[in-house]
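S.K.: To start, I am sharing the structure in question, which I have written as structure tokens.
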Amino acid sequence: MLYKDVPALATSAERTAPVKQINDRLGHAVGDDILCRFVAVVERMLRVEDVLCRFGGEEFVALLPGTSAAQALAAGERLRIAYVDESAATQTAKQLPFAISVSIGIGELREDEDIDGLIRRADAALYEAKVRGRNRCELAGDTLGEIVDGAATV
């Protein structure tokens, strides 16, 4: 389903250690628990009309119909902060040897663009969030690889 004016949040549940290392060191149950907790936080924060999809591995895409890029960026920041805050208790309780965070890339659907183009641009913004230090939101520009200045962590 393709919505008009749909910002996409391309999110990745991030850890400072790669997922394979987490699963190898702590077991798949710990990695799965972290992803399930992420989904629970997202589901609490999304509206009824929003759609969350697992996009592979530890990456997810949320479609937010009727939302501007600025509103999606604000929603991404709220999600990032809520997830990190909630994860801090898990990290302490389970004595995890890594920090739990989330990086978020945001793109807004252009008139001449299909959903694949939107997701590619949001994914490029997600990659930029990782390059710029992780645990942050980045807003994609109008072209692939362009990042809007000013998108950052709070």
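No value in this document is a laboratory result; all are computed from the given coordinates. Computed from a prediction, not measured in an experiment: that's the story for all the values here. Positions of Cβ are generated from backbone atoms using ideal geometry, with glycine treated the same way; all protein chains shown enter the neighbour counts.
S.K.: Give me the percent of Cα-Cα pairs in region 72-132 that sit more than 12 Å apart, rounded to a whole number.
M.R.: Here the tail beyond 12 Å accounts for 71 percent of pairs.
S.K.: Scan around LEU109 for amide H atoms under 5 Å from its own, H built in the peptide plane at 1.01 Å from N, and keep only partners 5 or more places away or cross-chain.
M.R.: VAL6, ALA8
S.K.: Taking θ as phi - 60°, what are the ³J(HN,Hα) couplings along region 98-110 by the Karplus curve (6.51, -1.76, 1.60), each to the nearest whole Hz, with x for Gly and Pro?
M.R.: Listing the rounded values in order: 7, 8, 9, 8, 9, 10, 9, x, 10, x, 10, 4, 8 Hz.
S.K.: Something else: List residues of region 42-61, by number, whose backbone nitrogen lies under 15 Å from a label position 7 Å along Cα→C-beta of ILE81.
M.R.: Counting backbone N atoms under 15 Å from the label point, the list is 45.
S.K.: Kirkwood hydrodynamic radius (Cα pairs, Å) of region 22-126?
M.R.: 14.9 Å
S.K.: Going by amide H atoms built from the backbone, whose H comes under 5 Å of the H on GLU59, apart from near neighbours?
M.R.: Distant-sequence amide H within range of GLU59: zero hits.
S.K.: If I take every Cα pair under 8 Å that is 6 or more residues apart in region 26-112, average their sequence separation and divide by the length, what percent do I get for the relative contact order?
M.R.: This gives 22 percent for region 26-112.
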